[in-house]
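The values are calculated or read from the model by the stated rules, or taken from the named source; none is laboratory data. As the structure is a prediction and not an experimental result, all values here were calculated from the model. With ideal geometry, Cβ positions are generated from the backbone for all residues, glycine too; neighbour counts draw on all protein chains shown. All accessible areas refer to the heavy atoms of the entire protein, side chains included, with ligands and DNA or RNA removed. Shrake-Rupley method; radii C 1.70, N 1.55, O 1.52, S 1.80 Å.
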Amino acid sequence: MITENIEKAINEQIKREEHSSRIYLAMASWAERNGFPGAAGWLYVQTEEERIHMLKLVHYLNDRGGMAIIPALDAPTSKFQSLVDVFQQVLKHEEYISASINELYAVCIGEKDFTSANYIQWYITEQIEEEKTIRNILDQINLAGPEKGGLFMMDKEFTTMATAKRAALAQSGGANAIA
Ligand code: FEO
């Protein structure tokens, strides 16, 4: 059985993960309409990943006797200045998510629910990877420079990264892993 405090904290995280999925969906749509099909592909896969992060928590909470609540969500912005702007916002958002996961972990420890803390550990590790990947992407976009040629090459690189990301997601079972 799960405590009320943990149930509430996990439900808040469910909302954040679902919101992340929608934020990246808006970014993917912007990239698709602004000449960055590779970046759009990467962001569409990221959208799926966030949805899986959300679903894992829904199942975990229900399996432990809590009740997962599916929340209403604010509309994400669809206006961006540039590809750098998009990924700066991605990084800022992931740093916020990392902090929220740490808070969730602290709630689990505070309630002496080491089973939940252990489950949340997966998200802590995942956040290290997410932040690292996005910092690398930002470095590469900055190296490519603002010229069209550089950004065109970078977008091709995104296609390769999106293919690898999609394959990793499929290998991990994707949505089936938590169904
Ligand atoms: Fe589920 Fe990107 O944090």
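For the range 4-177, the fraction of 1.4 Å probe accessible surface lying on carbon and sulfur atoms is 54 percent. As a rough guide to protection, the peptides 20-26, 70-76, 103-109 ranked by mean Cβ packing within 10 Å, highest first, stand as 20-26, 103-109, 70-76. Evaluated over the chain, the count of Lys pairs having alpha-carbon atoms less than 24 Å apart is 21 (only pairs 8 or more residues apart or interchain). Overall, the ratio between the Cα radius of gyration of the range 88-137 and 2.2 N^0.38 Å, rounded to two decimals, is 1.24. Accessible surface calculations at 1.4 Å, restricted to protein heavy atoms, place the chain at 54 Å² per residue. Length gained on full extension, Glu103 to Lys156: 15.3 nm, using 0.36 nm per residue less the C-alpha separation.
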